[in-house]
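First the structure, in the form of structure tokens, and then the observations on it.
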Amino acid sequence: MSDVIPRDPKANFDKRILTERTEEMLEGLDESALNEITSLRDDFARFMMPYKFAIDEVMTKISILREEFAALRDENPIEHISSRVKTPESLMQKVARKGCEPSYQAIREQITDIAGIRVVCSFVSDVYRVFEALTAQSDVRVLQVKDYIANPKPNGYKSLHAIIEVPVFLSDGPHPVIVEVQLRTVAMDFWASLEHKIYYKYDKTVPAELLRGLREAAQVASDLDEKMQRLHDEVRGV
């Protein structure tokens, strides 16, 4: 709970993001209830803050690796990097799906993708190269690795998922924070983006014909990665 109770709790809510129904509900609450909501909101913000800092930490590590490869080895295995922290709505949905106890401690231990980073590389070999360089760092602890490149999902999905833990140094000391890092090639990323759009459009009930088309596209993407890797190796004289 927050030790400081605002004089006007309603002022802490951004009216631009409130629905009309939410505003009506807030109007019907007494000051004590509003103070409680404000305190819960502040607690949740404190819970999420280390995940944002952990993303900053890992993004810095990857950016340094990217610049090192470009400057010293005259090549850049990383095409682009993106990151996100789960929204409160998305996090609560996952808590419900997993049957996780709705406590901060349980969520911290069981939900491993609150903070997520995606690294898109040029070639399959670069995916493993970046993964090894990142996880070799002394303050990065590898908790789990799921290699969907070596073992694709039945629908054709490919990516290398690494659940890592990094220390975030706050005013009260270091806090270990879990981050999910996904590494994939441009072709894999293009396919995954298309799959996401299709599943979103059909609300996860995708027609069988489209599912077959996705599996075929996954094979085309895989063939392209293999061909590009062979050409890359020939150019490098491997």
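Counted by neighbouring Cβ atoms within 10 Å, the residues THR135, THR112, THR60 run from fewest to most as THR60, THR135, THR112. Here segment 39-120 is treated with +1 on each Lys and Arg Cβ and -1 on each Asp and Glu Cβ, and its dipole about the Cα centre works out to around 360 debye.
Starting from the 7 Å offset along Cα-to-Cβ, what nm value, one decimal, do you get for the label separation of ALA71 and VAL142? For the pair ALA71/VAL142, the computed spacing is 2.7 nm. Label-to-label distance, CYS100 versus GLU226, with points set 7 angstrom from Cα along the beta-carbon direction: 3.8 nm.
Cβ crowding within 10 Å ranks GLU68, GLU165 as GLU68, GLU165, fewest other Cβ atoms first.
The spacing between segment 215-238 and segment 96-172, judged by their C-alpha centroids, is 25 Å. Highest mean first, the peptides 151-158, 215-222 sorted by other C-beta atoms within 10 Å per residue fall in the order 215-222, 151-158. Once you order the gyration tensor axes a ≥ b ≥ c over the Cα atoms, which shape class does segment 48-185 get: rounded for a/c under 1.5, otherwise prolate or oblate by comparing a/b with b/c? Note, shape of segment 48-185 comes out oblate.
Dipole of segment 48-185 (Lys/Arg Cβ +1, Asp/Glu Cβ -1, origin at the Cα centre): which of ALA162, MET59, SER103 lies farthest to the positive side? Most positive-ward Cα: SER103.
Values quoted throughout were computed directly from the atomic coordinates according to the rules given, and no laboratory measurement underlies them. Only a predicted model underlies this, so the values are computations on that prediction, with no experimental measurement involved. Please note: Cβ atoms are built from the backbone with ideal geometry, for glycine as well, and neighbour counts cover all protein chains shown.
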